[in-house]
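What follows is calculated from the coordinates using simple rules that are stated; it is not laboratory data. Please read all numbers here as calculations on a predicted model, not as lab measurements. We place every Cβ from the backbone using ideal geometry, glycine too, and count neighbours over all the protein chains shown.
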Amino acid sequence: AGKGRTYEIAKKQVTCSFCEAGCQFDLNYKGDKVIGVSAKAPGQG
């Protein structure tokens with residue numbers, strides 16, 4: 001089941017600090033709640 005319509009969801013780009021690769025991904029927000037994560041590119045780390 002979905003968490004919201006596409007126009008209700010805001011995205012914020014973040015960089016992972018777990019390792020030195022610095023992978024980037026989007027956090028998907030609806031209001032002030034994170035409802036999902038989307039990868040920017042295939043992982044290398």
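Below, the figures for the structure above:
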read-out	value
Per DSSP, loop chymotrypsin sites (Phe, Trp or Tyr not before Pro) in segment 1-32 with at most 16 further Cβ within 10 Å	18
Per-residue HN-Hα couplings for segment 25-35 [Karplus 6.51, -1.76, 1.60; θ = phi - 60°; Hz; x = Gly/Pro]	8, 9, 8, 9, 10, 10, x, 10, 10, 6, 10
